[in-house]
Amino acid sequence: MLPKVRIVLCLVLIALSGSITSASASSFTSTSTSASASVYTQAAADALAAYNLKEHYTKYEYKVPMRDGKTLFTAVYAPKDGSKTYPFLMVRTPYSVAPYGVDEYREKLGPSLDFDKAGYIFVFQDVRGRNMSEGKFIDMTPHQVNKKSDTDIDESTDMFDSAEWLLKNVSNNNGRIGLWGISYPGFYVAASIIDSHPAIKAASPQAPVTDMYMNDDSYHGGAFMLAANFGFYTSFKQQANPIVAPKKGDAFEYGTEDGYEFYLKHGTLAKLDKLIDKPEYFMWKNNWQNDRYDDFWKSRNIANHLKNIKTAVLTVGGFFDAEDPQGPLTTYRMIEKNNPGIYNGLVMGPWVHGGWARVDGEYIGMVSFAAKTSEYFQKNIAFPFFEKNLKEKPDAKIADIKLAKANVFESGTNIWRQFSSWPPAQVRATTLYFQDGGKLAFNAPAISEPVFDTYVSDPAKPVPFINYTAISVPQEYMVGDQRFASTRTDVLTYQTEVLETDITIAGPISPKLFVSTSGTDSDWVVKLIDVYPSELPDQKNAASAGVTVPPRNDVAPPKIKLAGYQQLIRGEPFRGKYRNSWEQPEPFQPNVPTAVNFTMPDVMHTFRRGHRIMVQVQSSWFPLADRNPQVFMRIPAAMPEDFKAATQRVYRSAQLPSGVVLQVMPGLTK
């Protein structure tokens, strides 16, 4: 799920990829109609325009009955060629299956144009309680383990009933069903294959929301992801369904383009809540008020229920996904654990949220991946996966393709890797230790006395997460330049000497800190950074030119240089009071050294010879995460006077060694 300001991009994905990755239909804007030009390369857009869907498909609309008597609105696009049978390829979404009306067609039906041309029965369904479907919508529908009557419904039962109806009522189907969806629709894929209907033969949850508290949309390390959630839930709210949402919704008026200014001005979560304190915004309220891992979140964790799955599964995620970086990894691991005997594959690419379906995947901001990675995925992995599992006689070239267990992109070297497991079995846990003088090294510190580095964290002047103005969460921040943070006195910076050989890491990153605070609570933000060489030519990339202006005889705007660029590889906050339990927070004893250990989502990256590895430590990351008052309390109840400056210490002695554990690969040269 994404913030409101990025809704235009998400609605582009609605129109072109058949999956909706963010924001409700009420958030349509006039710019969303020019989707193809802003999402795909011109060549892809031209090919899309040249393929006339109305020539090849007929659209139908149905109200599909569920076991409890409610109906779900379902749009079906069936091939006009009735001489053969076709599999279903289905998306279930809370964001609208628009356009409504049998004469109104989507711009594209499948994950890529290859699917449209290959021939499928494409199905799009408004989930229960959203848009044109009946029933009550529940955010992240809890799975019902013990179903005693027809009123015990969840996403697995709605999918089962939908499958039964489609197989019986839509002609020329081959009896096989495939599911796919990105972000929230990715959740519906995962939730729909629990106790899966036997006709479901292929499912691809992509960037699936899995456990919203555990490093997905709502909380990271116990810290509330403020800007993203306020932006999203001001648009995604309760509906009086069945309803066709307006094409242009009532966008929230921030009154500024500066998110740092906006959230700091409103100060507390309670004060921010007053801006949208209406019944239809209850989902926003549920998120910020449930600030610990309580039953509200546990009941919505779909990962624990991913059992009795009988279909092939291909889970897809992006290493630079700002919304759901953990969801794909958790989904893959839980399906692997609980469902032996099925194909359970994982794809992790160099993408932002849903990037593989709407952009080339060659760049994120200044960072190059040297190839159109999205096209590679769609043609070599996604399309073969569905063709092999859903078609009775796939093309011979497709039939011969053997998909690896894990297809993972290694940034730095910019190479696709294939593994039989993820993380790779050959990785070795290796610690980078903080050293004297801001150094970082693989050898443990030898100093015996309790030495430390210190800084003052002031909630009135929190560390920003970007060095430019934005009201939302720019996707670029996931690889953004951290040089601005290195210059702040409330950010500790450690870096290695220039690397003499490549170092490749693959898997989770685990900070292990010994810290103290003069307060009774604190956040600890850890960032792993790739420092480019101090002499490096700029790439031929429009993004590297900064602001684009016409030629003029005047002073030019500043140009960002790649030389010395500090690329964020992974960064996460951790709310210290949850260091021993997500359910029972504990205060810090002021100025007493305390162990704080946590784990950040996986990466696969090579720090190249001539680069440096850097780690930054700070105690705020605003307004990406909400501010910690640095006083032990329920932060949802915090008042402005509760926020206090605190003196922080990070220890680095032999007895109290702080560092970051990396999963290091042996040399990869092929």
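In table form, for the structure just shown:
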read-out: Qualifying residue in the stretch 497-510 (condition: in contact (Cβ under 8 Å) with a residue 12 or more places away in the chain, within 24 Å of R609 (Cα to Cα), exposed (fewer than 15 other Cβ atoms within 10 Å of the Cβ) and out of contact with any strand residue (DSSP E or B) (no Cβ under 8 Å at 6 or more places or on another chain)); value: yes
read-out: Hits in the stretch 117-156 - residues which are over 24 Å from the mean Cα position of the chain (by Cα), surrounded by 22 or more Cβ atoms within 10 Å (Cβ to Cβ) and either free of Cβ contacts under 8 Å to residues at least 60 places away in the same chain or not in a loop (DSSP other than H, G, I, E, B) (or both); value: I121, F122, V123
read-out: Residue match in the stretch 213-234 (condition: closer than 23 Å to K310 by Cβ, in a loop (DSSP other than H, G, I, E, B), out of contact with any helix residue (DSSP H, G or I) (no Cβ under 7 Å at 6 or more places or on another chain) and open to solvent by 10 Å² or more (accessible area, probe 1.4 Å)); value: no
read-out: Check on F386, open to solvent by less than 10 Å² (accessible area, probe 1.4 Å), outside any strand (DSSP E or B), under 19 Å from V359 (Cα atoms) and touching a residue at least 24 places away in the same chain (Cβ under 8 Å); value: no
read-out: Inter-residue pairs, beta-carbon under 6 Å, first closer than 14 Å to P511 by Cβ and in the stretch 579-604, second surrounded by fewer than 18 Cβ atoms within 10 Å (Cβ to Cβ), 6+ apart; value: N597/K512; T599/S510
read-out: Residue tally, condition open to solvent by less than 10 Å² (accessible area, probe 1.4 Å) and touching a helix residue (DSSP H, G or I) at 6+ places or on another chain (Cβ under 7 Å), over the stretch 566-613; value: 6
read-out: Residues of the stretch 145-177 that turn out to be closer than 13 Å to V127 by Cα and among the acidic types (D, E), as a count; value: 4
read-out: Residue check for A625: assigned to a loop (DSSP other than H, G, I, E, B), buried (at least 22 other Cβ atoms within 10 Å of the Cβ) and not polar (S, T, N, Q); value: yes
read-out: Residue in the stretch 242-256 that is within 21 Å of P94 (Cβ to Cβ), open to solvent by less than 30 Å² (accessible area, probe 1.4 Å) and in a loop (DSSP other than H, G, I, E, B) present; value: yes
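Conditions (1) open to solvent by 20 Å² or more (accessible area, probe 1.4 Å); (2) within 13 Å of the chain's Cα centre (by Cα); (3) within 16 Å of M478 (Cα to Cα), marked per residue:
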position	(1), (2), (3)
E323	no, yes, yes
P340	yes, no, no
W351	no, yes, yes
A357	no, no, no
S374	no, no, no
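The values are calculated or read from the model by the stated rules, or taken from the named source; none is laboratory data. If you're wondering where the values come from, they're calculated on a predicted model, not measured in any experiment. We place every Cβ from the backbone using ideal geometry, glycine too, and count neighbours over all the protein chains shown. Each accessible area value is taken on the protein alone, full model and side chains, heavy atoms only, with ligands, DNA and RNA left out. Shrake-Rupley method; radii C 1.70, N 1.55, O 1.52, S 1.80 Å.
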